[in-house]
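Values in this text are rule-based calculations from the coordinates and carry no lab data. These numbers were taken from a predicted model, which means no experiment stands behind them. We place every Cβ from the backbone using ideal geometry, glycine too, and count neighbours over all the protein chains shown.
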Amino acid sequence: MAAFSFNKLVIFGVGLIGGSLARALRERAGLEGRIVGVGRSVKSVERALELGVIDEAAALDDDLALANALEGADVVLIAAPVAQTEPLLARIAPWLDTRTIVTDAGSTKSDVVASARRALGDRITQFVPGHPIAGRESSGVDAALPELYVERNVVLCPLPENAPADVERIAHMWSATGTCVRQMSEAQHDRVFASVSHLPHVLSFALVNQILATPDTELKFSFAAGGFRDFTRIAASNPEMWRDICLANREALLAELDDYTQVLARFRAAIDASDGAALEEAFARSRVARTEWQERGGIRPSGDIAAK
């Protein structure tokens, strides 16, 4: 296990993602540093305190409590919807120690980096962008698990301004939870995840919306079985978060939607022409690709739901 230790970790947004990091570091890695949870109000993080996920709670709108929470922090994790990144960073900037490393868990990266540059200015050196690829259908701190990150990927998108030692420290933090840490640029990250995560979520939400718009909705739902369950599992994800992700990564996502629409058009044309050979060839190609991906260990149950 990679070497990592901390005296104080501050988590903004102690839900599934932030709470699971806290539990993993404490229960899986056996680390004893102090963990502070910050929420919109103290009440919003009281449950995390009750569960023992954090040692101390602070309210975002309380200047004194926020300053005390950030004082001497080794690492700050922003585990909130991506649209909140800039205001959160701007809020903490006045009390941020020069030695504190700030990272995030956002599902998009180009917009997060731009937000961080605006909010932190010259202190962008302290911000190491990250994205843990893990989740569950359930959200909130009650759903947090110490093993959530085991055998999952975490992507770091280091900035030119980052000190290599800071990037390594954040990589070690995530490695301590059982993850495999990968690196790529923020632009590459957003293209990749528009294809394999953001588009599938949009399609899942779209199918459910399509059925909801029909006069026999309940009849259709009553006959829905395994195929519907598997395809729409991710439609149970956090709506606020996926709204933000779609808007934040709209260029890459629109490109994927356009490409997908072209594929659907080809399938439609084959069905309309009763071209069974074309359909079978396309289906077979997809089947082989998915089987090979599965055999490489690509499936991680519930691993692509970005719920907090």
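Considering only I133, I271, I124, give the residue with the highest GNM mean-square fluctuation for the chain, with springs between Cα atoms whenever their separation is below 10 Å.
Of I133, I271, I124, the Gaussian network model singles out I271 as fluctuating most.
Alpha carbon centre of the stretch 143-203 versus the stretch 74-90: separation in Å?
For the stretch 143-203 versus the stretch 74-90, the Cα centre distance is 16 Å.
Give me, ordered by chain and number, the residues 5 or more places off V75 or on other chains with an amide H under 5 Å from its own placed amide H.
K8, V10, I101
What residues qualify as long-range amide H neighbours of V155, i.e. H under 5 Å apart, gap of 5 or more or another chain, H built at 1.01 Å from N?
H131, I133, R182
So for W242, W174, W293, W95, fewest C-beta neighbours within 10 Å to most, what's the order?
Lowest to highest Cβ neighbour count: W293, W95, W242, W174.
Any aspartates and glutamates with Cα under 15 Å of the K109 Cα? List them, leaving off those in the same chain fewer than 8 positions away.
Correct list for K109: E86, E186, D190, D244, E251.
Multiply the residue gap between T291 and A236 by 0.36 nm, knock off their C-alpha separation, and tell me the result in nm, one decimal place. Please report the intermediate quantities before stating the final value.
On the way: separation 55, 0.36 × 55 = 19.80 nm, distance 2.54 nm.
Computed gain between T291 and A236 is 17.3 nm.
Between rounded, prolate and oblate, where does the stretch 189-308 land on the alpha carbon gyration tensor, with a ≥ b ≥ c its root eigenvalues, rounded for a/c under 1.5, else prolate if a/b exceeds b/c? All intermediate terms of the calculation are to be shown ahead of the outcome.
Values: a/c = 1.40, a/b = 1.14, b/c = 1.23.
The shape class here is rounded.
Report the far tail of the P(r) of the chain, meaning the percent of Cα-Cα pairs longer than 24 Å.
Looking at the chain, the distances longer than 24 Å represent 55 percent of pairs.
Taking only the C-alpha atoms, wrap a convex hull around the stretch 5-114 and report its volume per residue in Å³ as a whole number.
97
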